[in-house]
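The values are calculated or read from the model by the stated rules, or taken from the named source; none is laboratory data. In this text the structure is predicted, and so the values were computed from the model without any measurement. Here the Cβ positions follow ideal geometry from the backbone for every residue, glycine too, while neighbour counts run over all protein chains shown.
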Amino acid sequence: MDDLSVDYGNWVPKKMLILLLVLTLLFGSLSFVPVHIIVRVVLGILSAVFLLFLLYFYYSYHVFGANGGEFQKKILNVVLDKLPWDSQGKALDIGTGSGALTIGVAKKYPEAKVTGIDYWGKGWSYSQKMCEKNAAIEGVGEQTNFQRASAANLPFDDGEFDAAVSNFVFHEVRDAKDKREVVQEALRVVKKGGAFSFQDLFLSEKIYGETEDLLKTIRDWGIEEVHFTSTAYLVDIPRLLRVPGMLGEIGIIYGKK
Ligand SMILES: C[S@@+](CC[C@H](N)C(=O)[O-])C[C@H]1O[C@@H](n2cnc3c(N)ncnc32)[C@H](O)[C@@H]1O
């Protein structure tokens, strides 16, 4: 039965929860070893800190998932809702992960051919096989294809796609120091007049600089129509997740090239 269920994973990797649990238990048990009291206190504090992180990320894992409000799905749907596309031609999903957005585009636009790329690194439990399996189960296996590539250097020609989407990826791209270059690379492969919808931590000044300046820069690249909305206006993100580093700085840039 399980083999027939889609698995879109969780933005809080299970590996991270397990690591935090191990560190909590390890430092907690070491604090009972009869060594100098200061060492024991430090170990106890470390254990408590890891426990707090564990509780926070377990809560996030829960609210992202199906039983906690499906915030992962709700946030992903914003990208689809904002894409100003008429569905003619080819679309690209950059950093597809488990294939959820690629599959979402394919289901919304049955006429389209959709490519999902990702580097599928060790940090996530996503893979190309997982994407292909999810697409087959969702009935869009023929309409989609998945390939390994980096968002920093897309293996596509200028203007190859009629539309491009991406969700919660650009800030993670390690092989580009300046994350604005990742946005530019994504727009490079969109044809003139094509549509785009990118969601990321665009409100983080540390990553992207001042938002107005980012939008001006994108317009200066010759992009005709550029809109920005903070995702918090569109999705009622739980208060505890509205912190920098989580979803506190998430926004969506969309428009036509
Ligand atoms: C938070 S997950 C989001 C996955 C998917 N877009 C979603 O919304 O469910 C971030 C994804 O970015 C991918 N990623 C990180 N750096 C990348 C890069 N340089 N090129 C392609 N994908 C990358 C990771 O492998 C991971 O799948």
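Quick look at the values:
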quantity: Some residue of the range 55-70 being of a type in the set (Gly, Ala, Ser) and either closer than 20 Å to Lys191 by Cα or more than 15 Å from the ligand (Cβ to nearest atom) (or both); calculated: yes
quantity: Selection count where residues are hydroxyl-bearing (Ser, Thr, Tyr) and either crowded, with 24+ Cβ neighbours inside 10 Å or touching a Cys at 6+ places or on another chain (Cβ under 6 Å) (or both), scope the range 99-113; calculated: 1
quantity: Residue pairs meeting the criteria (Cβ under 6 Å; at least 6 apart or on separate chains; first polar (S, T, N, Q), in the range 43-54; second part of a helix (DSSP H, G or I) and surrounded by 14 or more Cβ atoms within 10 Å (Cβ to Cβ)); calculated: Ser47/Thr24; Ser47/Phe27; Ser47/Gly28
quantity: Subset of the range 121-139 (residues that are in contact with a strand residue (DSSP E or B) (Cβ under 8 Å, 6 or more places away or on another chain), at pLDDT 95 or above and buried (at least 17 other Cβ atoms within 10 Å of the Cβ)); calculated: Gln128, Cys131, Ala135
quantity: Residue among Ser150, Ser197 that alone is free of Cβ contacts under 8 Å to residues at least 40 places away in the same chain, under 24 Å from Ile103 (Cα atoms), assigned by TED's automatic domain parsing to the domain that holds Ala106 and of a type outside the set (D, E, K, R); calculated: Ser150
quantity: Top-ranked residue in the range 181-209 [being of a type outside the set (Val, Ile, Thr), part of a helix (DSSP H, G or I) and within 15 Å of the ligand (Cβ to nearest atom); ranked as surrounded by the fewest Cβ atoms within 10 Å (Cβ to Cβ)]; calculated: Glu181
quantity: Residue count for the range 63-77, restricted to those that are surrounded by 16 or more Cβ atoms within 10 Å (Cβ to Cβ) and under 14 Å from Gly9 (Cα atoms); calculated: 6
quantity: Test: residue in the range 106-125 that is within 10 Å of the ligand (Cβ to nearest atom), among the aromatic types (Phe, Trp, Tyr) and either in a strand (DSSP E or B) or under 23 Å from Ser5 (Cα atoms) (or both); calculated: yes
quantity: Filtered residue count, the range 1-59, keeping only those that are under 22 Å from Ala100 (Cα atoms), of a type in the set (Phe, Trp, Tyr) and part of a loop (DSSP other than H, G, I, E, B); calculated: 2
quantity: Test result for Gly68, in contact with a Phe, Trp or Tyr (Cβ under 9 Å, 6 or more places away or on another chain) and either of a type in the set (Asp, Glu) or without any contact (Cβ under 8 Å) to a residue 24 or more places away in the chain (or both); calculated: yes
quantity: Scope the range 140-168; condition touching a helix residue (DSSP H, G or I) at 6+ places or on another chain (Cβ under 8 Å), within 11 Å of the ligand (Cβ to nearest atom) and assigned to a loop (DSSP other than H, G, I, E, B); matching residues; calculated: Ala151, Ala152, Leu154, Phe168
